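Right, one structure below, let's go through it.
The values are calculated or read from the model by the stated rules, or taken from the named source; none is laboratory data. Computed from a prediction, not measured in an experiment: that's the story for all the values here. Counting neighbours? That spans all protein chains shown, and the Cβs are built from the backbone with ideal geometry, glycine included. In case anyone asks, the SASA skips ligands and DNA or RNA and just uses the protein heavy atoms, side chains included. Shrake-Rupley method; radii C 1.70, N 1.55, O 1.52, S 1.80 Å.
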Amino acid sequence: MTDARTSFPPLSVGTDAAAVKRSYRPLIGFCTALTVIVPGVAVVIAALVASTGGFTGGMLAGLGFVASGVIITLLTLSVASAYGSRVAMGTVLRLDDTGMEWRLPQGVLVVPWGAVTSVSERRRGGHRILTYRLVDGLTPSSPGVASDVAPAIFQRLVKRGLQLGSVGIDVPVDTILAATAAFTQGRVAPR
């Protein structure tokens, strides 16, 4: 028997583009339909009110729908942007003997295993979400930490934890949990 540390190959968690597309398709379709329908309703309402109450009344009646249309258009663009960034991410998480490397839309974050206090799992909408909790007071200049994430976002990540959902990744959550436990010799196990 030896006390030598067992070395495991690194685990890379990538984006499953087909799964991301499946998860975003209904939302993008709904937002796109609303982007077309709401301005059409605004025109019809404005025309109906204008025919009975005058041009000014028609414009005021359609104004609320136009404002809603602008908000829905911005929502559609936001959802499409989130979809595009999720598909283009490639590798989102890498686990190895030294720690974790997260590739986030805001930048790259490297965290050593010593800075991870726990990992928890919760279910939402039939999907699993892992949350890696970090030590309080962790900063981008802490030993072993490397980050190009903005300081305000970094502090929010430390406070809320680093989260990874089962939708849109190419490695099962159980494999990620097993790798986490193996790389930390069981210190960081799901609860």
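What the table below lists for this structure:
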{"read-out": "Pairs with Cβ under 8 Å, 6+ apart, first in segment 159-180 and free of Cβ contacts under 8 Å to residues at least 24 places away in the same chain, second part of a loop (DSSP other than H, G, I, E, B) and open to solvent by 10 Å² or more (accessible area, probe 1.4 Å)", "value": "P172/S166"}
{"read-out": "Cross-chain or 6+ apart pairs with Cβ under 7 Å, segment 36-53 first and under 14 Å from A67 (Cα atoms) and outside the structural domain of T76 (by the TED database), then in a helix (DSSP H, G or I) and of a type in the set (G, A, S)", "value": "none"}
{"read-out": "Index of the failed condition, G64 passing every other in (1) open to solvent by 40 Å² or more (accessible area, probe 1.4 Å); (2) touching a strand residue (DSSP E or B) at 6+ places or on another chain (Cβ under 7 Å); (3) modelled with pLDDT under 85", "value": "(2)"}
{"read-out": "Any hit, segment 47-55, residues being in a helix (DSSP H, G or I) and touching a Gly at 6+ places or on another chain (Cβ under 6 Å)", "value": "yes"}
{"read-out": "Unique match (being in contact with a Lys or Arg (Cβ under 6 Å, 6 or more places away or on another chain) and part of a helix (DSSP H, G or I)) among V44, V20", "value": "V20"}
{"read-out": "Selected residue (criterion: surrounded by the fewest Cβ atoms within 10 Å (Cβ to Cβ)) from residues of segment 15-39 that are modelled with pLDDT under 85 and small (G, A, S)", "value": "A18"}
{"read-out": "Failed condition for G58, given (1) closer than 29 Å to Q185 by Cα; (2) part of a helix (DSSP H, G or I)", "value": "(1)"}
{"read-out": "Subset of segment 99-118 (residues that are in contact with a helix residue (DSSP H, G or I) (Cβ under 7 Å, 6 or more places away or on another chain), at pLDDT 90 or above and over 15 Å from V158 (Cβ atoms))", "value": "W113"}
{"read-out": "Count of residues meeting criterion [of a type outside the set (A, V, I, L, M, F, W, C) and either on the phi > 0 side of the Ramachandran plot or open to solvent by less than 40 Å² (accessible area, probe 1.4 Å) (or both)] in segment 167-191", "value": "5"}
{"read-out": "Selection from segment 67-95 of residues that are buried (at least 16 other Cβ atoms within 10 Å of the Cβ), assigned to a strand (DSSP E or B) and of a type in the set (V, I, T)", "value": "V92"}
